Structure formats: structure tokens, C-alpha cells
């Protein structure tokens, strides 16, 4: 009996394992072996073609402010770095006492010249009134006429000197040539100003620009007026427009400068580094979520659902990427169902169990953002 017991147990186990399972149990076993996934289909949407570039932020125009007269002491400085100024506003004033005295002297010289002209003109008129009587010789008449002309010239010279003195006194007020922001100050009260010597720098109209360095192979795609999305080092995003494309290419870097006007404000400051994308065109394209793309051996693949609850691995060509979606250039049809979540765990021919479908108008479809992306 002890010898037959193990043989009997083995025979019972063989009989039990050979009994077929009910149909429901078999289906449940197959279902538990299939991987639960979600699926989606290519979505048609507007996709932008962009050129990615890097560069720095510069002042649109930075005006150097300097006095037009020199040799005079700086009396007051009315602005500092960061001050916002208006066109015509007084920025610096020079001491003008000496110029005021000079102006008074020029006024006196002008009055004296006017008096001399009156006398010379009166003498000439009297001489001409008796010229035909023979009381005045021709030579005397010519002398009086010359004196009158000389007096007139002295009046004009005095008037010119007087105007020059007025301008010098006016130039003791250094004014803003345009609206803008003061970016640099080198002037201090008490120093002796030099004509043409830099005192301040003005960021005209508060305008800044991004000078993007675009590879020479992509320069032809850039046109004036195209939109550019610029991101600064601190993550601030700005939208600008291409103002100008440089006519030359830098031989050292093989790049061309593209000038992009940025919106006014404190978000972008001269000297900042920024990365951006310049939109060159926009067209309709088929897109898929990034999660549905599997990259193996340097190629992009998706898993397409077939009619037998299985998947087929298919190689595709992808393009631009933005907002979690990738452009599908070739390899898919609009009606294809593609595995989204769970694609990284599949291989060709695996069986799946669809638990969520990204249908148009469904909740999952509404959660997926659309976008346009760079090339």
C-alpha cells in the first residue's frame, strides 16, 4: 500500500490537469495575460514649422548723451540709472554764470553797432540829398556809403555773436533727445564738462531686440514680420516679430543675425541670453502623443492595434514636437488605432486589452493639448 500511494496521487493530478477549463474561465485566463493599454488615433491639426536659434538681448538704439559746450562746471544732475525720461526733459545743467555775463556783453556790443549804423545811415542820407547841388563830392559820397555798409556789417556780426552766446547759454541745459530709460551715468556734480564727452546713455523708447544667431542653411526661411517666441534664462516667454535679417553671414560661426523686436517692459533686458523659435510656416499635419512613440535602434515606432486584439509594430517618420505631441510625417493612416499608454512594454504580436480610448469628443481626447512645434 505504501508503494501504490504515490502512484495513485500522481495519476489523480494528471487527470485533474487534463480536464479542460470552462469557456468563461479560458477567456478570463487569456484576458489576464493581455496587457491593459489605452489607444489613440492620429489627430489633424495646424502645425507650425519653426527655426530654433539662440542669441542675446540688445538695446534697439542706445544714445550717448554729451554736452555741446565744454569748460564749464556741472551744477546739477537730475537723473540716475533706471530713470525714465521724456523728450526735451532736462537731464544735466552746467553752471552758466560766465555765459550769462558774456551774453550781456554781446547785447551791449549789438546795441553799439546799431547806434553806429543809425549814424552812418543818417550821414549817407544827408549827403545824397545834396549830391546834385555839388556840395558833396563823389569821393565823399563813396566814403559815406562805405561807412554805412561797414556799420551794417558790424550789426550783423554783433547779432551773430549775440545768437552764439544765447545758444551757449541754452546748451548749459543737457536735455533728452528722445523718450527712454537711462542705462548708464558717468557724470557727477562738480566736474568740468568736456564738449562731446559722454555723460549718460539712453535706451531710446525703452525698445529692446533679440539678435538671434540662425544657421546659414536656414536663413532663407526667415522673413520680415514673422513671429518669434523667445524664452529668457529665467523662463520668461515673450512674443516678438522679425524686424530685419542681416545681409551677411558671420564666417567664424556660419550664422546670420536676425533682429527680432521684443515687447517693451522689464522682462527682457540688454545683455540677457535667450533661446527662441521663429515661425516660418504653418500647415495641417497628423500628430500623436509623445507617449505613443517608441524609439528603438535610432528609429521611431508605434504599435498599431489589429482586429485580433493584438498589436503590430510599425516604423514611422516623425517631425516637429510641441506641447506633448509629435508630428507624424509618414507611416500611418488616419483610421489607424495606436497604443498610447503602455506602448513601451509591448513587442510585435503581443495581445492587449484596451481599457481607454482617445475618441474624438471623449474625456481623454479633451485632456490632450494640441500644439505646433519646431523643426
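Rule-based calculations on the coordinates, nothing more; no lab input. Computed from a prediction, not measured in an experiment: that's the story for all the values here. With ideal geometry, Cβ positions are generated from the backbone for all residues, glycine too; neighbour counts draw on all protein chains shown.
At a glance:
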| quantity | calculated |
| --- | --- |
| Alpha-carbon centroid distance for the pair the range 112-132 / the range 210-259, whole angstrom | 74 |
| Peptide ranges 272-278, 293-299 listed from the most packed, as the mean C-beta count within 10 angstrom indicates | 272-278, 293-299 |
| Backbone N under 18 Å from the residue 233 label point (7 Å along Cα→Cβ), restricted to the range 263-305 | 266-276 |
| Rounded to 10°, Cα long-axis angle of helix 97-129 versus longest principal axis of the chain | 50 |
| Label selected from (i) 0.97; (ii) 1.54; (iii) 1.47, the criterion being Rg/Rh (Cα atoms, Kirkwood Rh) as computed here | (iii) |
| Fully extended contour minus Cα-Cα distance, from residue 314 to residue 329, at 0.36 nm per residue | 4.1 nm |
| Residue of 115, 195, 53 that the Gaussian network model of the chain assigns the largest fluctuation, springs spanning Cα pairs under 10 Å | 115 |
| Residues of the range 306-323 with amide N under 15 Å of the 7 Å Cα→Cβ point at residue 297 | 313-316 |
| Helix 4-18 vs. the chain, principal-axis angle (Cα, 0 to 90°, nearest 10) | 50 |
| Residues 40, 255, sorted so that the one with the fewest Cβ neighbours within 10 Å comes first | 255, 40 |
| Percentage relative contact order, the chain, counting C-alpha pairs under 8 Å, at least six apart | 28 |
| Sequence ranges 41-48, 329-336, ranked by mean other-Cβ count within 10 angstrom, highest first | 41-48, 329-336 |
| Sites residue 142 and residue 122, calculated FRET efficiency, Cβ-Cβ separation with R0 25 Å, nearest 0.05 | 0.90 |
| Computed helical MRE - 222 nm, the chain, DSSP H runs ≥ 4 contributing -39500 (n - 2.57), nearest 500 | -9000 deg cm²/dmol |
| Order of 224, 236 - criterion: other Cβ atoms within 10 Å of each residue's Cβ, fewest first | 224, 236 |
| Exposure proxy ranking, count of Cβ atoms within 10 Å, fewest first, for 62, 142 | 142, 62 |
| Angle in degrees between helix 138-170 and the longest Cα principal axis of the chain, rounded to the nearest 10 | 30 |
| The chain: most fluctuating residue of 100, 38, 129 per GNM, C-alpha cutoff 10 Å | 129 |
| Listed residues 269, 73, 125, most fluctuating in the chain (Gaussian network, C-alpha, under 10 Å) | 125 |
